[in-house]
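Let me begin by presenting the structure, written as structure tokens, before commenting on it.
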Amino acid sequence: MRIPCPFCGPRDVIEFTVHGEARQRPVFEAHELDTPAAREAFVDYVYLRDNPAGLHVEHWYHGIGCQSWLLVTRDTRTHDILEVAYAAGEEEPAPAVVRTMEVAS
Amino acid sequence: MRFSGFSVLRNALTGQSGWTPHWRKASPKPAYDVIIIGGGGHGLATAYYLAKEFGVTNVAVLEKGWVGSGNVGRNTTIIRSNYMLPGNIPFYEFSMKLWEGLEQDFNYNAMVSQRGVLNLYHSDGQRDAYVRRGNAMRLHGVDAELLDRDGVRAIAPYLDFDNARFPIQGGLLHRRGGTARHDAVVWGYARGADARGVDIIENCEVTGFRMDDGRVVGVETTRGPIGAKTVGMAVAGNSSKVAALAGLRLPIESHVLQAFVSEGVKPLIDTVITFGAGHFYISQSDKGGLVFGGDLDPFPSYAQRGSLSTFADVTENAMALMPMIGRLRILRSWGGIMDMSMDGSPIIDETPVDGLYLNGGWCYGGFKATPASGFCFAHLLARGTPHPAAAAYRLDRFATGRVIDEKGVGPSPNLH
Amino acid sequence: MTSHRLPTGGLINRARRLSFTFDGAVYGGHPGDTLASALLANGVRLFGRSFKYHRPRGVLSAGHEEPNALVELRSGARREPNTKATVVELYDGLESMSQNRWPSLQFDAMAVNGLLKPAFAAGFYYKTFMWPASFWEKVYEPIIRRAAGLGRAAGVADPDAYERDHLHCDLLVVGGGPAGLMAALSAGRAGARVVLCDDDVRLGGRLLAERVEVDGQSGPDFADAVAAELKALPTVTVLTRTAVVAAFDQGTFAAVERVADNMPAPKAHQPRQRFWTIVAKAAILATGATERPIVFPNNDRPGVMLAGAVQSYANRHAVAAGKSIAVYTATDAGWTAARDLLAAGAAVAAVIDTRGATPPGFEDVGARVRTVPGGRVTNTHGRLGVTAIDVASAAGTSRLDVDVVAVSGGFNPSIQLISHFGVRPTWNERIAGFVIPQPVKGIRCAGAAAGHYGLSADLADGIRAAGDALGEIGIAMKPIRMPTTAVVRHDVGTAWWQPAPGDIGAKAFVDLQHDVAASDVMLAHREGFRSVEHLKRYTTLGMATDQGRTSNTDGLAIMALLSHQSIPQTGVTLARPPTVPLAIGAVAGGHRGTAFRPVRRTPVHGWAQELGAVFVDVGQWKRPQYFPRSGETDWLQTVNREVETVRSAVGVTDVSTLGKIEVEGPDAAAYLDRVCATRPSAIPVGSCGYMVMLREDGIVKDDGMIARFAPDRFFAFVSTVHAAAVYRHMQYCRQVLWPDLDVTLTAVTDAWAQLAVAGPKSARVVGALVDAPTVVDMAGFPPMSCREVTVCGGVPARLYGLSFSGERAFEIGVPARYGEAFARRIMEVGAEHGITAYGTEAMAVMRVEKGYPAGAEINGQTTAADLGLAPALATDKDHVGRVLSARQDLTDGRRARLVGLKPVDAADRLRGGAHVLAKGAAPEAANDLGWITSAAWSPTARSSIALAMVAGGPDRLGEVVRVWDGIRNTDMLAEIVPPCFVDPEGNRIHDA
């Protein structure tokens, strides 16, 4: 698979790390953290997945590259990639300088 | 007809005229006591044990394609019970015990071969982890031996002992582990279930659930609606898709696992060997092919094919471990869709929908689990309570924190 | 043995003679020969034995579809079993052996299996060998395993090297036959970047095998002319001897180039094979089609060959495969082959066409040879090769004395690559073959691969496909002239085996290598294995090394007839990678031996080497494990000395591998409070603070230290093995979870050399290194301080009052390039204080003595509370892992929690991995309380000590437990103690 990184251009999947389904982390105030609602929301966030056979919006990290986290829309049946954006937002530039390349261990 | 050397000889003399289909091509009846979705190893084993052990014979197994077309026909055929955590060991040991008597039990030669499974270690830390695991196995009555470097060399002298990036220090040997002929397991269970009255219905895809007052009362299929008092899903790889038909989301992600077989060669590798400095496992089939595999493709996928980077990684591991393999040729590769659960352990449990039960989340390890999975799921479907050996495989463990995470990688399904 | 070499013709260099051996006998051949053509030229017909019945087999084909002529090529460590003689380029000194026979190819004792064929029907082994159960591994299976397999692997390390390379292009053309040549030429002339791969040694494909005229030239001459132009085009890359083996997503292809397989061994510094990754915007499969055999009784005798192969051997290699050849065909291609054979001077005894009269356009052939319209071959005769055949037709039956039957049962387009994507091929009735007519992921078939048979159709389709492909990727085609060539009829019929009830015993083979006969397909049908996948798995049809090329369709057709279904209704098996068997070593490239994974060395590696350090692998890093001195006889003695020196004087070690991450920005403190379960915002400027990170599921992810140099500038140290993952996670938190926070992260692990100086005299050593005005004493630089300083007269450095040993200690970071010099300087300055270098072992001993958790405890299964770290956490804020860490089963005090262990008998030695049971309890699962995570000999406590995870551990202090290590056969008693064995009050850190 090759992913068109918006900063680096199309690159082989080996340069990326996938984080799975893109989900919104629940937001709770400090005093709500131990409520059943918070617990339930986080159990859902951490453990449950739609896991569709079809379009899937997921987070990828271009670690051997610009170190951007990307929002990738991909078809899990065909591996076709329909859209790639910065996870941080439309206008977010990728980290400009890669001073050190971390080698995955 | 009962299979035996005698029946083979008799048919040799009578133009093979005595054989009949190993199972009937059943058509769906209007309703069953139990419907099992998924005609793979787990689904068929469930049906077999339901009929044989629990006396439930009004059962249909619905298979969307041909029997055994899922992961049971796409794995590396390894059987073992070398687990570490108390939630897992009793279950896999129960499975191993069933493997040990399986062929006589279902009268089909599944070529269960206890050739041994050898896990290599390459560091002190890994050795300690294997010692912990080996001791845990022994505490549960499972065989385990710790080998030093010379002990490993005696079993597998062709490994790279002299020039390795991560030298082999020793290994954990589980002699009762080994391999089995995967397709024969499917056919043996299918034949055994069929003989006890189970309807095995191929080319019958479930497209929806029939509900009544919040309870499942049947399924919609490509061959029409079928009623059922109880419905069990055994569709690992596609659990999320089928569960979604009932409005359920699962702690599961689907991933491709590739496997490979080489051209056949004369006996070369006697046991199952796993590499500890990477992810790689290999054995040699009775036919002579080297059967091997490695890591998952890291991204969710329902395409039954793997990526080049993972393929390349598997071969690197192979060459690092046993450089004698270099000139042997890969004949065929294939990909299966794994139900990767959030803690790397399976789920055999009721679901929030009344009458609907789940057997899934088998990650890499579904094949070796087949007999116990079927037995325990049959127990759950027949009695409504978990079998003791599968008591830890509950869905609510994610909410309570009682997860069973052998590798300690947490809710990252692609790392399990 | 009479020569079968034709007196003239062929693309062989008759001027040069190559010498080679087969089963020890010496033969001669010429450059341009394959092993198969050279053996045929020498009159060799018997090449091998079949898998199951050990029936004699000859060569069937002239390519990768070969099921029979498999040899062990080369010898010793280079032995390559199962090598198809049909694709081996002949070279001088080639050694080959037949395989899977005993004692000899001519007399194979295992052929007795053939007599047992009635019992050895498909799947017979599933029905027997079950009693008694223990006999499977001991008796049956060893016999089966020895009998199975094909050739013998070398069994020793592959001595040759392999390499990987990459290519990027607009258009990949797979196959350099007529369609591929025209496609590449069209695209190349249009200026597209083209890669053309052909498996053969030279371009041309069937142009090299058939007598044709293109643009007034012979086939080979035309191919050579196009090849020359392609070579001259600046944007075209031609790779011959290169098989494209697999297709992947987004236009990624894998190919393997046989760089040195045409010589006995690669030259110095030359790889044997090169594994290419080719990335293409579009691709054309001009891979041709594979001829199908015809199934009939005893169709496996040496001498039964594909007509196209017989034709190729005659035209390309100037070899007459037989002295008297019968052509048995259901296609016009069989007639073309007959015509070529006649032209080459070979003797054609008859053309037997299953269809009817001589097809139009082949009257010249019909005039010269006996024809049998509507005929079929009903049997063959001969012991080790065909000597005669029985032919039946409406005109009656007859026996023909021939030594070769050239069969043409139709063609299977070679669509393997495109079907790797799981696309279901469609059945094309006109050509009686499966095709994939629509492009898939930018890949399209052309020529025979698309079902367009015949040279003129092939050439035209190559041009068309190039136009379509380039159009899709926005490159304009230039007009190209279609080469002129005669249009030759190329119709195909079918000649499926018609099963009849009495056939169950007939030896009409479908899969030659695996000995799957038509009767086995009938048996599979009878037993219900009717789905094509069941058929394949039950009978092993199509699973041999020819990958089903010559067997799948015939088997499918028989099943279709038995099931009264059409072929497409019966199904199709999908090809899966690789398209041709692929050497494992080639894919791995250089990643083997010590080059399996990269080695990371720290900036002070050379210094440790100078001191004679023994190194240990930590992830990809090499870290000094211990520093033996002369006179020390084992590692423990060295480690004890290192520990004692640190605890009594001073030591220095390399901690450069720790992950180092700069965290800067106005929101840096707020950000870290969300990432860490501790409260980094509370760390004062100029100080360090302990840090714990959780995963979102509440389990500890990592621990480390954070130094704060300014209100908005932090520096995080994370553990060596988790460094990359933790940095990735921190970027996730910054970019995905909290993009609104103004903070920047930079991984600088490799930028800093970092050394730890520890021990009561450490302050004196560090004080002598650090430039004024910094004063390294308790007041000037108390423990947990951090400061940017200079050392050694102006070298920028960062100084931290961090201790991992419980002693007064410092870590000093200097830019990586100063690392080694600085380490040497530390040793010089420390000499007067008795400094020692110490390694990871001593470090580990001291951290166990202090009870600090490390990798064996922070193993992804433990909570902060399990490890006794709960007091360090700040739970009144949201952070990663905060909510789920409070789940009931993670906060249960009965969980396994960290404690210390000391043996009751001082002579006992605790070891990692031993389990903890209640004293007197039997070693059973129900009594399992926990396990030892880390153990060490403590020279300080003069005792074996250990850290352990024990159920409810801290509530059991003082309890004596059984430490059971059944797998190493030790059993001892130990006392549960607090996890700190040295200076529990923490005084020593302040002592200096």
Q | Residue pairs meeting the criteria (Cβ under 6 Å; at least 6 apart or on separate chains; first within 15 Å of C:K117 (Cα to Cα) and assigned by TED's automatic domain parsing to the domain that holds C:R549, in the stretch C:512-533; second open to solvent by less than 10 Å² (accessible area, probe 1.4 Å) and among the acidic types (D, E)) | A | C:L512/C:D300
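Residue-by-condition table, conditions (1) in a helix (DSSP H, G or I); (2) of a type outside the set (A, V, I, L, M, F, W, C):
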| site | (1), (2) |
| --- | --- |
| B:I35 | no, no |
| B:H42 | yes, yes |
| B:A45 | yes, no |
| B:Y49 | yes, yes |
| B:E53 | yes, yes |
| B:A60 | no, no |
| B:W66 | no, no |
| B:N75 | no, yes |
Q: Confirm whether B:W66 is in contact with a His (Cβ under 7 Å, 6 or more places away or on another chain), of a type in the set (F, W, Y) and facing chain C (nearest Cβ under 9 Å).
A: yes
Q) How about the stretch C:722-760: which of its residues are at the interface with chain A (Cβ under 10 Å from one of its Cβ atoms), surrounded by fewer than 20 Cβ atoms within 10 Å (Cβ to Cβ) and under 23 Å from C:A823 (Cα atoms)? A) C:V748, C:D750, C:A751
Q: Specify the residue that is surrounded by the fewest Cβ atoms within 10 Å (Cβ to Cβ); the eligible residues are those in the stretch C:288-331 that are over 23 Å from C:V510 (Cβ atoms) and of a type in the set (D, E, K, R).
A: C:K323
Q. Could you list, in sequence order, the residues of the stretch C:628-639 that are open to solvent by 10 Å² or more (accessible area, probe 1.4 Å) and in contact with a helix residue (DSSP H, G or I) (Cβ under 8 Å, 6 or more places away or on another chain)?
A. C:P628, C:R629, C:E632, C:W635
Q) Does C:F627 meet the test of being among the aromatic types (F, W, Y) and without any contact (Cβ under 8 Å) to a residue 60 or more places away in the chain? A) no
Q | Any pair with Cβ under 7 angstrom, 6 or more apart, that starts in the stretch B:79-94 at a residue that is on the phi < 0 side of the Ramachandran plot and open to solvent by 10 Å² or more (accessible area, probe 1.4 Å) and ends at one that is among the small types (G, A, S) and in a helix (DSSP H, G or I) | A | B:M84/B:A136; B:P86/C:A925; B:P90/B:A389; B:F94/B:A372; B:F94/B:A389
Q.
If a residue must be open to solvent by 30 Å² or more (accessible area, probe 1.4 Å) and on the phi < 0 side of the Ramachandran plot, how many such residues does the stretch C:225-256 contain?
A. 11
Q: Determine, yes or no, whether C:D468 is under 30 Å from C:F222 (Cα atoms), touching a residue at least 12 places away in the same chain (Cβ under 8 Å), touching a helix residue (DSSP H, G or I) at 6+ places or on another chain (Cβ under 9 Å) and acidic (D, E).
A: no
Q: Any chance you could count how many residues in the stretch C:822-867 are of a type in the set (S, T, Y) and open to solvent by 40 Å² or more (accessible area, probe 1.4 Å)?
A: 1
Q | Single residue of the stretch B:176-198 satisfying the filter (open to solvent by 10 Å² or more (accessible area, probe 1.4 Å) and charged (D, E, K, R)) that is farthest from the other protein chains (Cβ to nearest Cβ) | A | B:R196
**Q.** Residues that are closer than 30 Å to C:D221 by Cβ and polar (S, T, N, Q), drawn from the stretch C:483-523
**A.** C:T484, C:T485
Q: Only one of these is in contact with a Leu (Cβ under 7 Å, 6 or more places away or on another chain), part of a helix (DSSP H, G or I) and small (G, A, S): C:A314, C:A338, C:A326. Name it.
A: C:A314
Q) Among the residues of the stretch C:200-219, how many are surrounded by 19 or more Cβ atoms within 10 Å (Cβ to Cβ) and farther than 20 Å from C:W276 by Cα? A) 10
Q. Taking the stretch C:942-962 as the search range and keeping residues that are of a type outside the set (D, E) and assigned to a helix (DSSP H, G or I), which one is surrounded by the fewest Cβ atoms within 10 Å (Cβ to Cβ)?
A. C:P954
Q. Within the stretch C:905-941, how many residues turn out to be without any contact (Cβ under 8 Å) to a residue 24 or more places away in the chain and either more than 11 Å from chain B (Cβ to nearest Cβ) or open to solvent by less than 20 Å² (accessible area, probe 1.4 Å) (or both)?
A. 1
Q: With a cut-off of at least 2 residues that are of a type in the set (S, T, N, Q) and out of contact with any Cys (no Cβ under 8 Å at 6 or more places or on another chain), name the strands (runs of 3 or more DSSP E) lying wholly within the stretch C:681-762.
A: C:744-747
Q. Within 14 Å of another protein chain (Cβ to nearest Cβ), touching a His at 6+ places or on another chain (Cβ under 6 Å) and small (G, A, S) - does that describe any residue in the stretch B:252-272?
A. no
**Q.** Entirely in the stretch B:299-399, the strands (runs of 3 or more DSSP E) that have 1 or more residues that are touching a Gly at 6+ places or on another chain (Cβ under 7 Å), aromatic (F, W, Y) and over 27 Å from C:T573 (Cβ atoms)
**A.** B:356-360
(Q) So C:V386 passes all but one of these: (1) part of a helix (DSSP H, G or I); (2) within 30 Å of C:Q547 (Cβ to Cβ); (3) of a type outside the set (D, E, K, R); (4) open to solvent by less than 20 Å² (accessible area, probe 1.4 Å). Which condition number does it fail? (A) (1)
Q) Of all the residues that make up the stretch A:3-17, how many are facing chain C (nearest Cβ under 9 Å), free of Cβ contacts under 8 Å to residues at least 40 places away in the same chain and open to solvent by less than 60 Å² (accessible area, probe 1.4 Å)? A) 2
Q: Output the number of residues of the stretch C:11-47 satisfying the condition of being outside any loop (DSSP other than H, G, I, E, B) and surrounded by fewer than 24 Cβ atoms within 10 Å (Cβ to Cβ).
A: 9
Q. Among the residues of the stretch C:585-614, how many are within 23 Å of C:Q273 (Cβ to Cβ) and open to solvent by less than 30 Å² (accessible area, probe 1.4 Å)?
A. 7
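Every residue, every condition in (1) in contact with a Gly (Cβ under 9 Å, 6 or more places away or on another chain); (2) open to solvent by 50 Å² or more (accessible area, probe 1.4 Å); (3) at the interface with chain C (Cβ under 10 Å from one of its Cβ atoms), yes or no:
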| residue | (1), (2), (3) |
| --- | --- |
| B:H122 | yes, no, yes |
| B:D128 | yes, no, yes |
| B:N135 | yes, no, yes |
| B:L146 | yes, no, yes |
| B:A164 | yes, no, yes |
| B:P167 | no, yes, yes |
| B:G171 | yes, no, no |
| B:H174 | yes, no, no |
Q: Would you mind stating whether C:A768 is open to solvent by less than 30 Å² (accessible area, probe 1.4 Å) and either without any contact (Cβ under 8 Å) to a residue 12 or more places away in the chain or of a type in the set (G, A, S) (or both)?
A: no
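The values are calculated or read from the model by the stated rules, or taken from the named source; none is laboratory data. Predicted model only: the values in this text are computed from it and were never measured. For neighbour counting, all protein chains shown are included, and Cβ atoms are generated from backbone atoms with ideal geometry for every residue, glycine included. Calculation scope for accessible area: heavy atoms of the full protein, side chains included, ligands and nucleic acids excluded. Shrake-Rupley method; radii C 1.70, N 1.55, O 1.52, S 1.80 Å.
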